[in-house]
Every structure is written in C-alpha cells, then in structure tokens.
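*Asks:* Before I ask anything, here is the structure I am working with.
Laboratory data are not the source of any read-out in this text; all were calculated from the coordinates shown. For clarity, every value in this text was computed on a predicted model and none was experimentally measured. When we count neighbours, we look across all protein chains shown, and the Cβ atoms used for this are built from the backbone with ideal geometry, even at glycine.
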Amino acid sequence: MAIEIKICGLKTPETLEAALAAGADMVGAVFFAPSPRHLDLATAAALMARARGRAQVVALTVDADDAALDDIVAAVDPQALQLHGRETAERVAAIRARFGRPVWKAIGIAGREDLARLPDYAAVADRLLLDAKAPKGAALPGGNGVPFDWNLLAGLDLAKPFMLSGGLTPENVGHALALTRARGVDVSSGVESAPGVKDPARIAAFVRAARAFETAAGSRASALPAEQTSLAP
Ligand SMILES: O=C(O)c1ccccc1N[C@@H]1O[C@H](COP(=O)(O)O)[C@@H](O)[C@H]1O
C-alpha cells in the first residue's frame, strides 16, 4: 500500500527542496494570514513553481471566499485545494464545481461524535483529511502540533480515501499509520524547529519513517496468500 506524504507550510526554497529530495508526494502552501506559515501570492507562486512536475502542489485555505480562491488558483495553479476551515459540504461542492480541481476537506476530530460528519463530506470532497480539533482558544484551526485519539478511526469505512494529520512527527507516524490505515499523512509542526521554521533533517526523518511503514506493510501483504493481499482502504 503506497502511502502519500504531504509536507505542509513550506516557505523557503531550501525546505521545499528538502521535502522533494526526501521523496514527499505533495507539498503545501498555507494561505491564512494568522499562520506563521502564511505566504503571499507572489512568494507562493515562485516557490511552488519549483515543485511543478516533482510533487503535487496543494493550496491550504481557511474559509476563503471565491475572490481569494480565484487569486490563489490564478497565481499558484495548485493541483488540489485543501479547505481547512468551517466550510459546509455545500460550500465544498460549490468550490469543486467552480474550480474543476480536486478539493480536500479537513475535519477536526476530538471524539466519536465528530465521525458522524464524515459521510456528508465524503460525498462531495475528493478526499478527507482527518485532523485534530484545534485546542480551545487556538489562533489556528490546524497546524497546532496536537494529535487526536487515533483509536477513534479503527474500522472506519469511508467511501473516499482519507489522510491523517495533527501532531504527526517522525517518531509517531509509523504508529499512527499502523493504527488508522490512513492512505496518506500530512505534517507541519512535527517537522519544524520553531513555529513556521521547517527543519530539513526532520522532514527527511518523517518521510523515511512513513516509507518504512509502507515497506513493512508491503512485505506483510506479500507474505499472505494472493486472495488476502488487499490492504484496502
Ligand atoms: O499549518 C498551518 O499553519 C495551518 C493553518 C491553518 C489551518 C491548517 C494548518 N495546517 C494544517 O494542519 C494540519 C496539522 O498540522 P500539524 O502537523 O499538527 O502542525 C495539517 O493538515 C496542516 O496542513
């Protein structure tokens, strides 16, 4: 089972190159002014141009209106839009229709009750990103470096692939993948030395750890009889 790895909140050519050299599948640019990872359009366009053809470019927004999304799409031409605010399922569908490109919806998870919201979003988004709910009083709806109880996802059966985020690190990503069977992982704080400052060594360690899980899961699958080799989701 191939694991998709996204490194989010990249701000400099050096750290972007570190993510690409490590083998990240996706790189994310944050468009949310309160975030220490926020980029202006011109900086994001120049930075993400370096990733074109080497990884998928994902634009992260929070409750952005159509005009803001128009500007981001025109400047950066992202391969996916990651909606990380309080967007309703109807708004997700409208954005998908307007821009004709994949839309990911991040959903904050704190307890079992939050899982009830997933089917409505799975029906309209191209993929779900299951993140920790922001702590009370946090300035950001994501990117807080806190995990949630991954056991909540055991046995989760969604019609869409999901990625996991929230408090992932090089140290815990293998365990998180083993528990949740997520198709991909998204990390920001866990590969930083300070808020908004990415650490190339931690980026490389994160990708290595996720790939090590992938390799181990692949070996376990190939040791099974052919009819048992599907590790779906
Ligand atoms: O990274 C940010 O600054 C950010 C701001 C607003 C919404 C989401 C943000 N990041 C996303 O949050 C999750 C978890 O991040 P972390 O690894 O716990 O720091 C991840 O999907 C980021 O893309």
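*Asks:* Report the full-extension gain for the segment residue 197 to residue 65: residue separation times 0.36 nm, less the Cα-Cα distance, to one decimal in nm.
*Replies:* Full-extension gain reported as 44.7 nm.
*Asks:* Give me a comma-separated list of calculated 3J(HN,Hα) values for region 151-163, in order, Karplus coefficients 6.51, -1.76, 1.60 applied at θ = phi - 60°, integers in Hz, x for any Gly or Pro.
*Replies:* Using θ = phi - 60°, the values come out as 4, 4, 8, 4, x, 4, 10, 10, 6, 10, x, 10, 10 Hz.
*Asks:* Please list the three semi-axes, largest first and in whole Å, of the ellipsoid equivalent to region 4-231, using sqrt of 5 times the eigenvalues of its alpha carbon gyration tensor.
*Replies:* Those come to 26, 22, 17 Å.
*Asks:* Between residue 14 and residue 46, how many nm apart are label points set 7 Å from Cα along the C-beta direction?
*Replies:* Going from the residue 14 label point to the residue 46 one covers 1.6 nm.
*Asks:* Moving on to the next point. Obtain the nm distance between the two label points defined at residue 88 and residue 159 by a simple spin-label model: each point lies 7 Å from its Cα along the Cα-to-C-beta direction.
*Replies:* 1.9
*Asks:* Using each residue's phi in region 29-43, evaluate 6.51 cos²θ - 1.76 cosθ + 1.60 at θ = phi - 60° and report the 3J(HN,Hα) Karplus result to the nearest Hz, with x for Gly and Pro.
*Replies:* Residue by residue, region 29-43 yields 10, 9, 10, 7, 3, x, 7, x, 9, 4, 10, 7, 4, 5, 5 Hz.
*Asks:* Could I ask something else about it? So what is the calculated 222 nm ellipticity per residue for the chain, using -39500 (n - 2.57) for each DSSP H run with n of 4 or more, over all residues, to the nearest 500 deg cm²/dmol?
*Replies:* One gets -10000 deg cm²/dmol as the mean residue ellipticity at 222 nm.
*Asks:* By DSSP, what percent of the beta bridges with both residues in region 4-231 are antiparallel, rounded to the nearest 5?
*Replies:* Roughly 5 percent of the DSSP beta bridges within region 4-231 come out antiparallel.
*Asks:* So, one more: In straight Cα distance, which aspartates and glutamates are under 13 Å from residue 11, not counting same-chain residues fewer than 8 positions off?
*Replies:* Of all the aspartates and glutamates, those that pass the test against residue 11 - Cα under 13 Å, at least 8 places apart if same chain - are 40, 192, 199.
*Asks:* Same structure again: Looking only at trypsin sites (Lys or Arg not before Pro) in DSSP loops with at most 10 other Cβ atoms within 10 Å, what is the longest site-free stretch of the chain?
*Replies:* Counting at most 10 other Cβ atoms within 10 Å as exposed, the longest clean stretch of the chain is 137-233.
*Asks:* Using a simple spin-label model with points 7 Å from Cα along the Cα→Cβ vector, what separation in nm is obtained for residue 149 and residue 97?
*Replies:* The modelled label-to-label distance comes out at 3.9 nm.
*Asks:* Counting other beta carbons within 10 Å of each residue's own, what order do 175, 84, 38 fall into, fewest first?
*Replies:* The most exposed by this proxy come first: 175, 38, 84.
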